[in-house]
């Protein structure tokens, strides 16, 4: 493998890691253990929140020019959403800030509501997100308790499917376009159900034709590097 000329690597991002953690680890391992150099261009195609796992595409060397190609690929997620409560970040990063009734929510109602999100939709990104507003990240404002206007974005939801519903937790599969915030989708589904909701788990299972089954974890990556060094 020629990491300077460029390689495209498929990772199953671990829970708790930021996307930058993955990129930094890959760069550090390659520079220190394989290339014996201080610099290498490494980037990722599509950010995943620390509390999300799954497909993350990392490009090295000249292959970083292909990042945009992968970023614009359709993505598939499996998400678990807890109904009846909200958090400021719409996920488990922050504690519950409000609770709502759920007695009226049935599986039948959920199956009626979900199709309303199919096709083109306008979605307002979360305040706790990396989207830029006036040159700063939205989460910088949110963490200081400052209100900021975030403009809605036009997205496409190709597929949305209810996989299960029990004990206020619904599990869904979503196929969507670049830039979709599943946390914000959870928020909007909660509102559509006349309740509240927040994301409790998220796994990206596909980017384009790259499935999570095609991805390696960090331990497997390190084993790959060991094999490369042994054959040099």
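The values are calculated or read from the model by the stated rules, or taken from the named source; none is laboratory data. What you see is a predicted model; the values in this text were computed from it and never measured. Reconstructed Cβ throughout: ideal geometry from the backbone, glycine too, with neighbour counts over all protein chains shown.
For the stretch 39-57, a residue qualifies if it is within 9 Å of the chain's Cα centre (by Cα) and either free of Cβ contacts under 8 Å to residues at least 12 places away in the same chain or at positive phi (or both), and the qualifying residues are 46, 54.
Taken together, the residues in the stretch 156-176 that are touching a helix residue (DSSP H, G or I) at 6+ places or on another chain (Cβ under 9 Å) and either in a loop (DSSP other than H, G, I, E, B) or surrounded by 14 or more Cβ atoms within 10 Å (Cβ to Cβ) (or both) amount to 8.
If you go through the stretch 126-155 and pick out every residue that is in contact (Cβ under 8 Å) with a residue 40 or more places away in the chain and in contact with a helix residue (DSSP H, G or I) (Cβ under 6 Å, 6 or more places away or on another chain), you end up with 3.
Every residue in the stretch 116-140 that is assigned to a helix (DSSP H, G or I) and over 20 Å from residue 20 (Cβ atoms), please. The answer is 116, 117. Here residue 49 meets the list (1) surrounded by fewer than 18 Cβ atoms within 10 Å (Cβ to Cβ); (2) in the same structural domain as residue 221 (by TED's automatic domain parsing); (3) assigned to a loop (DSSP other than H, G, I, E, B) almost entirely, failing just condition (1).
Which residue is modelled with the highest pLDDT, if the candidates are limited to the stretch 93-103 and must be surrounded by 14 or more Cβ atoms within 10 Å (Cβ to Cβ) and farther than 14 Å from residue 168 by Cα?
Ranking the qualifying residues of the stretch 93-103, first place goes to 96.
The set of residues in the stretch 190-202 that are assigned to a helix (DSSP H, G or I), out of contact with any helix residue (DSSP H, G or I) (no Cβ under 7 Å at 6 or more places or on another chain) and touching a residue at least 24 places away in the same chain (Cβ under 8 Å) contains only 190. Here the stretch 7-27 is the region considered, the condition is being part of a loop (DSSP other than H, G, I, E, B) and touching a strand residue (DSSP E or B) at 6+ places or on another chain (Cβ under 6 Å), and the residue that is nearest to residue 54 (Cα to Cα) is 15.
Tallying residues that are assigned to a strand (DSSP E or B) and in contact with a strand residue (DSSP E or B) (Cβ under 6 Å, 6 or more places away or on another chain) within the stretch 205-215 yields 4.
Quick grid of which residues meet (1) part of a strand (DSSP E or B); (2) touching a strand residue (DSSP E or B) at 6+ places or on another chain (Cβ under 9 Å); (3) free of Cβ contacts under 8 Å to residues at least 24 places away in the same chain; (4) closer than 16 Å to residue 169 by Cβ:
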{"site": "30", "(1), (2), (3), (4)": "no, yes, no, no"}
{"site": "59", "(1), (2), (3), (4)": "yes, yes, no, no"}
{"site": "70", "(1), (2), (3), (4)": "no, yes, no, no"}
{"site": "78", "(1), (2), (3), (4)": "yes, yes, no, yes"}
{"site": "81", "(1), (2), (3), (4)": "yes, yes, no, yes"}
{"site": "91", "(1), (2), (3), (4)": "no, yes, no, yes"}
{"site": "105", "(1), (2), (3), (4)": "no, yes, no, yes"}
{"site": "109", "(1), (2), (3), (4)": "no, no, no, yes"}
{"site": "114", "(1), (2), (3), (4)": "no, yes, no, yes"}
